[in-house]
Structures are given as C-alpha cells and as structure tokens.
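This report concerns only the one structure given below.
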Amino acid sequence: MADFIVEKRQRKEYEQFTCRIEVELLEEVKRTVLDNNLKSVNEFINNCIRYSLKNMTILDEEEKDC
C-alpha cells in the first residue's frame with residue numbers, strides 16, 4: 001500500500017470577515033473554481049480583490065457628470 005502523504009500549505013495571515021454576496025454571483029464563483037481546478041474559493045476571491053484594487057480607477061464627482 002502506498003504512503004499517505006499530506007503536504008503542509010504556507011500559512012498566511014487571514015482575518016475572517018463576513019459579507020453578503022448575491023446568490024448567483026457566489027454560484028458563478030464556485031463554478032469557476034470547480035471548472036478550473038483552482039485551489040479554493042477563498043484564494044480565488046482574494047486574487048480577484050487584489051486584481052481589482054490594483055487595476056481600478058476612481059472617478060471624482062466632476063468626471064461622473066461628463
């Protein structure tokens with residue numbers, strides 16, 4: 001019988017935070033993680049947030065009116 005090997009994951013500092021996500025959006029997130037064999041929903045959401053923060057532009061009030 002083959003050995004049962006468990007790999008340790010790198011520990012990151014996390015803080016648990018609760019937020020509400022639209023049901024359809026959460027289902028799409030879960031489906032994306034499963035369909036693409038990603039590590040976890042948590043990691044996927046963290047990566048999405050990192051990407052969004054890095055690439056967002058915030059319009060000021062004057063730009064909104066144009």
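All of the numbers you see were taken from the coordinates with simple rules; none came from a lab. Not measured: the values here are computed from a predicted model. Quick reminder, even Gly has a Cβ in these numbers, built from the backbone with ideal geometry, and neighbours come from all protein chains shown.
Of the residues 21, 52, 6, the one whose Cα sits farthest toward the positive end of the charge dipole of the chain, with +1 on the Cβ of Lys and Arg and -1 on the Cβ of Asp and Glu, is 6. Given axes a ≥ b ≥ c from the Cα gyration tensor, I'd like to know whether segment 1-50 is rounded (a/c under 1.5), prolate (a/b larger than b/c) or oblate. Oblate is the answer for segment 1-50, as a/c is 1.5 or above yet b/c matches or exceeds a/b. To test your reading of the geometry: what angle, between 0 and 90 degrees and rounded to tens, separates the Cα axis of helix 41-55 from the longest principal axis of the chain? Approximately 30 degrees, to the nearest ten.
If you plug the beta carbon distance of residue 34 and residue 10 into 1/(1 + (r/R0)^6) with R0 = 25 Å, you get a FRET efficiency near 0.65.
For residue 25 and residue 57, what does the FRET efficiency come to when R0 = 22 Å and r is the distance between their Cβ atoms, rounded to the nearest 0.05? According to the calculation, E is roughly 0.50. Taken one residue at a time, the phi angles of segment 11-27 give Karplus couplings (6.51, -1.76, 1.60, θ = phi - 60°) of 7, 10, 8, 10, 10, 6, 9, 9, 9, 9, 10, 4, 4, 5, 5, 5, 4 Hz. Gly and Pro are set to x.
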